[in-house]
Amino acid sequence: MGEHIDCSQALYRMTEYLDGEMTAEEARDIAEHLTTCGPCLTEHDLDQVLKALVQRSCAGESAPPTLRTTIMQRITTICDDGSWSEVTQVRRVSEG
């Protein structure tokens, strides 16, 4: 098993968990925490409903190409600290 996750960690990383952006081990740690913590499970359920609502409300909508370009330029500027691989992953997702 991975490390023990407390409520602050679980809540901080809930969006990553719901979006499937964690390693399998990290996701297992969060899932294990949710089985024993009612307040975090409630937050998970609310976040999941909110995410589904936003997806339904924005179906078919896409950002204008100029906005996408501006966002990617800003991410590149912010990530000048050497974390280029993360920027590359964001670019692949945004272009997909």
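Read the figures in this text as sums done on the coordinates, not as results from a lab. Bear in mind that the values here come from a model prediction, so they are computed numbers and not experimental data. Cβ atoms come from the backbone with ideal geometry, glycine included; neighbour counts cover every protein chain shown.
Observations
- Going by neighbour counts of Cβ atoms within 10 Å, the residues I71, I30 line up, fewest first, as I71, I30.
- Note that the range 32-45 has calculated 3J(HN,Hα) couplings of 5, 4, 5, 6, 10, 10, x, x, 5, 5, 4, 4, 4, 5 Hz, one per residue in order, obtained from phi through the Karplus relation 6.51 cos²θ - 1.76 cosθ + 1.60 (θ = phi - 60°); glycine and proline are x.
- Vicinal HN-Hα couplings computed from phi for the range 68-74 (Karplus, 6.51 cos²θ - 1.76 cosθ + 1.60; Hz; Gly/Pro x): 4, 5, 4, 4, 5, 5, 5
- Cα gyration tensor shape for the range 7-57, rounded if a/c is under 1.5, else prolate or oblate: oblate
- Taking Lys and Arg as +1 and Asp and Glu as -1, the other residues whose beta-carbon sits under 12 Å from that of C7 total -1.
- Extension gain, E61 to Q9: 0.36 nm times the residue separation minus the Cα-Cα distance gives 15.5 nm.
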